[in-house]
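For reference, the structure is listed below as structure tokens.
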Amino acid sequence: MTAAEFLQQLAANLQCLQEEERASAMAYYHEYFEEAGEENEMEAVERLGSPQSVAERIIMDVNAEGIALPPKSGAASYAYEPGAPTVQKDSTGRVILAIVLIILTFPFWIAIPIVWFTFVFLLVFLPFTFFASGIAAVIQSIFKCMTLNVAGGIWDLGGGLFLLGLTMLIWYPFVKLAWTMTKGFGKMCAGIFKFLCGKE
């Protein structure tokens, strides 16, 4: 097996990893073969083992939240052993920093959900209010006409129809904007959660 074939099969077996992790592993083995040289290509492939076994060890170490790449201290050290030293992703400092920032910026971030709820409530509530008011005005105009207050009835009818028409115009953009704000708020919360968990 040539180095190109090895790398091709390795990349195919690492498709389940995130792009950054896959690119990091592939870059390492590209560099490995470049340093080994064309004359030592076959020996280097044999030293590594099969692409499937190398991929399994990489995936295992990544799933354990560690990065395990063989040390570069000579040709023999390129063999990827399961016991190779790992560099763990330490998220403790990130969590501490996040907690400190949350405490220091408490008045700011506590206002974000309040503002979000207020805007979403208004965007959903206003069309409903206009619709209910329009229906009430139309019904009131009927009663006024029945009591011979035709002028007042016509006025209320016009106002009710105006409110119903306004409801038809604003309900879709208002609800869509409320949904967009809700999705944005959800993404922000998910991003904060990933940051605290140490996930990129």
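The values are calculated or read from the model by the stated rules, or taken from the named source; none is laboratory data. Here the structure is a predicted model, which is why all the values come from computation and not from measurement. No Cβ is skipped: glycine too gets one built from the backbone with ideal geometry, and neighbour counts run over all protein chains shown. These accessible areas exclude ligands, DNA and RNA; they are computed on the full protein's heavy atoms, side chains included. Shrake-Rupley method; radii C 1.70, N 1.55, O 1.52, S 1.80 Å.
Annotations for the structure displayed:
- Heavy-atom accessible surface of segment 145-194, averaged per residue, reaches 75 Å², computed with a 1.4 Å probe.
- Rounded percent of accessible protein surface that carbon and sulfur make up, segment 1-43, 1.4 Å probe: 46
- Dipole in debye (nearest 20) - segment 1-45, about Cα centre, beta carbon charges: Lys, Arg +1; Asp, Glu -1: 260
- Taking the Kirkwood radius as Rh and the Cα radius of gyration as Rg, segment 98-186 has a ratio of Rg/Rh equal to 1.31.
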